[in-house]
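Readers should treat all values here as calculations from the given coordinates under stated rules, not as data from a laboratory. Keep in mind it's a predicted model, so treat the numbers as computed, not measured. Cβ placement follows ideal geometry from the backbone for every residue including glycine, while neighbour counts extend to all protein chains displayed.
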Amino acid sequence: MVLGEAHSFPVSISAVDVNVIDARLSKYWVYGQNPNEQWSALISFPEWANDPFYYQNLVEGKGSAGHIFRRYEELLQNEHAPPNLEGFANLIKDNWYQCPICEKAWESKGGSEVITCPGCNEKLRRP
Ligand SMILES: [Zn+2]
């Protein structure tokens, strides 16, 4: 499943249509299997992997599926820095960083490789 520009939810595509640039798996993913479909398994975030109705709810905009998906979307997009992201935030002290572009300083906790400056919205590598 990938998130393309044409949909607000992930869709299946062929593996031959994907160019993998980083084969690491997300720390947010777990293994799930639908008890009613023993042949089917899914690696995704827990809310999806453990709920056989999650994807249907996401596509149909039901319940909190969309909110949960957007939360993980941001976490996943920032978890591993893309190879072409060259700019680094400046580490001031502990969890405090400074933007090299607008000089805004902010606190950022967590282990994501990418952090976003709250002043100019620039995505930067966590040093
Ligand atoms: Zn900035």
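Some observations on this one:
- The chain: radius of gyration over Cα atoms, expressed as a fraction of 2.2 N^0.38 Å: 1.26
- Here each label is just a point 7 Å from Cα along the line to Cβ, and for R70 and C120 those points are 2.7 nm apart.
- Chymotrypsin sites (Phe, Trp or Tyr not before Pro) restricted to DSSP loop in the stretch 51-80 with at most 15 other C-beta within 10 Å: F53
- Pairwise FRET efficiency - V59 versus N90, Cβ, R0 = 41 Å, nearest 0.05: 0.45
- Placed amide H near S44: partners under 5 Å, 5+ positions off or other chain: V30, G32, A49
- Put in order of Cβ neighbour count within 10 Å, fewest first, the listed residues I101, I68 become I101, I68.
- The count of lysine pairs in the chain that are at least 8 places apart or cross chains, and whose C-alpha atoms lie under 21 Å apart, stands at 7.
- Remark: the stretch 13-30, residue by residue, has Karplus-estimated 3J(HN,Hα) of 9, 6, 4, 6, 8, 10, 9, 6, 10, 8, 8, 5, 9, 6, 6, 8, 8, 9 Hz, where x stands for each Gly or Pro and the curve is 6.51 cos²θ - 1.76 cosθ + 1.60 at θ = phi - 60°.
- Centre separation in Å (Cα based) which lies between the stretch 91-117 and the stretch 62-85: 19 Å
- Here the 3J(HN,Hα) profile of the stretch 113-127, calculated from phi with Karplus coefficients 6.51, -1.76 and 1.60 at θ = phi - 60°, is 7, 10, 10, 10, 5, x, x, 10, 6, 6, 7, 9, 6, 6, x Hz, Gly and Pro shown as x.
- Rounded to 10°, Cα long-axis angle of helix 65-79 versus longest principal axis of the chain: 50 degrees
- With K and R counted +1 and D and E -1, the other residues having a Cβ less than 13 Å from that of F69 yield a net charge of -2.
- When you filter the trypsin sites (Lys or Arg not before Pro) in the stretch 50-127 for DSSP loop state and at most 11 other Cβ atoms inside 10 Å of their Cβ, you are left with K109.
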